[in-house]
Amino acid sequence: MENNIQHSDIYAIALHHRFQWEEAQQSYVLLFPEGMVKLHGGAGEILKRVDGKASVGDIVTALKTAFPDAEGIESDIVGMFDLAVGKAWLRKVN
């Protein structure tokens, strides 16, 4: 998928979707009318910062600070945004 994610883009969780920690799964999940997606590690760390106010660049900076030893993290973050937008888990607000 190629959605041309820009660092200035701002996203929110899509309407009719809910992001939450699921104790039974011991992971973050994305709930929507058709089902649920269990998010592993980094995906949950990214989506928990998606609030309709922070830009992709803000989230990249926050995660680079939180995980300074993670090499190549920026491309992984942008890749996750690309995937999430492509699957309509996120909506662009700007």
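The values are calculated or read from the model by the stated rules, or taken from the named source; none is laboratory data. Worth saying up front: this structure is predicted, and the values here are computed from it rather than measured. All Cβ positions, glycine included, derive from the backbone under ideal geometry; neighbour counts span all protein chains shown.
Can GLN26 be described as on the phi > 0 side of the Ramachandran plot and either over 13 Å from the mean Cα position of the chain (by Cα) or of a type outside the set (A, V, I, L, M) (or both)? Considered against the rule, which asks whether it is on the phi > 0 side of the Ramachandran plot and either over 13 Å from the mean Cα position of the chain (by Cα) or of a type outside the set (A, V, I, L, M) (or both), GLN26 comes out as yes.
Only one of (1) part of a strand (DSSP E or B); (2) of a type outside the set (A, V, I, L, M); (3) in contact with a helix residue (DSSP H, G or I) (Cβ under 6 Å, 6 or more places away or on another chain) fails for ASN3. Which number is that? So the condition that ASN3 fails would be (1). Please determine, by comparing only the residues of the stretch 32-73 that are of a type in the set (Val, Ile, Thr) and in contact with a Lys or Arg (Cβ under 7 Å, 6 or more places away or on another chain), which one is surrounded by the most Cβ atoms within 10 Å (Cβ to Cβ). This residue is ILE59. The set of residues from the stretch 29-57 being of a type outside the set (A, V, I, L, M, F, W, C), more than 17 Å from SER75 (Cβ to Cβ) and over 12 Å from the mean Cα position of the chain (by Cα) comprises PRO33, GLU34, GLY35, LYS38, LYS53. When ALA12, ALA88 are checked against the criterion of being at positive phi, of a type outside the set (Lys, Arg) and within 14 Å of the chain's Cα centre (by Cα), a single residue qualifies: ALA88. Residues of the stretch 1-31 that are exposed (fewer than 11 other Cβ atoms within 10 Å of the Cβ) and closer than 17 Å to LYS53 by Cα: SER8, LEU15. Residue pairs whose Cβ atoms lie under 6 Å apart, sitting 6 or more positions apart in sequence or on different chains, and linking a residue in the stretch 31-47 that is of a type outside the set (Asp, Glu) to a partner that is in a helix (DSSP H, G or I) and modelled with pLDDT of 95 or more, are ALA43/MET80; ILE46/ILE77; ILE46/MET80. Inspection of the stretch 44-58 finds a residue satisfying the criterion of being modelled with pLDDT of 95 or more, in contact with a His (Cβ under 7 Å, 6 or more places away or on another chain) and small (Gly, Ala, Ser).
Which one of the conditions (1) touching a helix residue (DSSP H, G or I) at 6+ places or on another chain (Cβ under 7 Å); (2) closer than 14 Å to ASN94 by Cβ does GLY57 fail to meet, given that it meets all the rest? Tallying (1) touching a helix residue (DSSP H, G or I) at 6+ places or on another chain (Cβ under 7 Å); (2) closer than 14 Å to ASN94 by Cβ, GLY57 fails exactly one: (1).
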